[in-house]
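*Asks:* Please read through the structure below; I'll follow up with questions.
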């Protein structure tokens, strides 16, 4: 264990906190490479760790289900995978059975949901979002607006770069022309976390529908879509849900919105898929938003991560993630701010997700030095931000202290100069 410089911190001992952590046992539910025992993985906000159960499940799906049972497996569980696992995931996001399904990727799900919302609000021509939203989301929303007609537009409300622009959103909703408000529940850059229920209520008061992107909050922040009366939501499963790289996204459609229609209809979302009827009707629940055959291998592997979240409980997960990020910010203030770093996430934990962003003028060089010299994996977002993700199922309090100590070592030891010219394909 590295020692932090500049004197002893007044924080509680990390080893003692880890020993008393009620979630400590969940760390062993994940694969840890034996050849990298000192690795500190703080990028679960981009790709979660591999659950041990997923290794055995992958072998089962490939060797037994595909290898031996072949096409018979469609009648032995494959056909129901998107909705069966969706119903499990509903327990994580506060939805009812029949309201969540695994489908496509996040962008396709977002497009389906946005077009459906615009079609359900004829005469309204504006989509509101903010500049904290994921760039791909804004691109998708613009595509949905173009599909709806030349009179439709996307309005991007500016923020201060850290906090959500609530006043600006409310001001834009005054004219009665807004059909849809679409936001990232937790902003991918700063970690800002919107008040889901309060914003949803304000959108409904303005007569519009709301579409939430839960990619950076599902599995890290408690979510109750039903209690908040959310209309539509999408999210990925490869971050805090630990479903694996490229695992399918999920789509939530409130049971109170039966008027919403899938704009990319297909056989899997019909009321009788195997009737092969040109004029098939729509399935009655969220499965009407399914389109084509699901990717069975990647869909199946989402379930172990969902099971771990349900077992741990979102309240306990949130309590630990707040404790981890609070500890990290305190150590940043003490050890990294004097070395040129600045906090670019909300200080109030109630307004912050499970990752913390730091500014540094040489952020990419710091990132590469940490990865290549110090076995710490955060991530970099251009032009000058480092993101540190604290997935509470497998990140320890000692990892927080060690990550800060190794960052100090990078800065003080010339790591920035050694990696200043690095240009990785995926930073």
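The values are calculated or read from the model by the stated rules, or taken from the named source; none is laboratory data. Please read all numbers here as calculations on a predicted model, not as lab measurements. Glycine gets a Cβ as well: all are built from the backbone with ideal geometry, and neighbour counts include every protein chain shown.
*Asks:* Scan the range 343-353 for residues that are free of Cβ contacts under 8 Å to residues at least 60 places away in the same chain and either in the same structural domain as residue 222 (by TED's automatic domain parsing) or touching a helix residue (DSSP H, G or I) at 6+ places or on another chain (Cβ under 9 Å) (or both) and report the count.
*Replies:* 3
*Asks:* Sticking with this one: Condition (residue is touching a residue at least 12 places away in the same chain (Cβ under 8 Å), assigned by TED's automatic domain parsing to the domain that holds residue 234, crowded, with 16+ Cβ neighbours inside 10 Å and assigned to a loop (DSSP other than H, G, I, E, B)) applied to the range 60-78: is it met by at least one residue?
*Replies:* yes
*Asks:* Hey, another quick one. Which residues, taken from the range 362-372, are surrounded by fewer than 23 Cβ atoms within 10 Å (Cβ to Cβ) and within 16 Å of residue 412 (Cβ to Cβ)?
*Replies:* 362, 365
*Asks:* Assuming residue 413 fulfils every condition listed in (1) under 22 Å from residue 240 (Cβ atoms); (2) in the same structural domain as residue 19 (by TED's automatic domain parsing); (3) without any contact (Cβ under 8 Å) to a residue 24 or more places away in the chain apart from one, which condition is it?
*Replies:* Residue 413 satisfies all of (1) under 22 Å from residue 240 (Cβ atoms); (2) in the same structural domain as residue 19 (by TED's automatic domain parsing); (3) without any contact (Cβ under 8 Å) to a residue 24 or more places away in the chain except (1).
Conditions (1) under 17 Å from residue 285 (Cα atoms); (2) touching a helix residue (DSSP H, G or I) at 6+ places or on another chain (Cβ under 8 Å); (3) assigned to a loop (DSSP other than H, G, I, E, B); (4) not assigned by TED's automatic domain parsing to the domain that holds residue 217, marked per residue:
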position: 86; (1), (2), (3), (4): yes, yes, no, no
position: 96; (1), (2), (3), (4): yes, yes, yes, no
position: 101; (1), (2), (3), (4): yes, yes, no, no
position: 108; (1), (2), (3), (4): no, no, no, no
position: 111; (1), (2), (3), (4): no, yes, no, no
position: 114; (1), (2), (3), (4): no, yes, no, no
position: 118; (1), (2), (3), (4): no, yes, no, no
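*Asks:* Here is a check on your reading of the model: is residue 48 within 21 Å of the chain's Cα centre (by Cα) and within 30 Å of residue 411 (Cβ to Cβ)?
*Replies:* When the stated conditions are applied, residue 48 passes them.
*Asks:* Right, next: What about residue 164, is it free of Cβ contacts under 8 Å to residues at least 40 places away in the same chain and buried (at least 24 other Cβ atoms within 10 Å of the Cβ)?
*Replies:* So residue 164 passes the test.
*Asks:* Could you check, for the range 309-329, whether at least one of its residues is modelled with pLDDT under 95 and either assigned by TED's automatic domain parsing to the domain that holds residue 249 or at negative phi (or both)?
*Replies:* No: zero hits.
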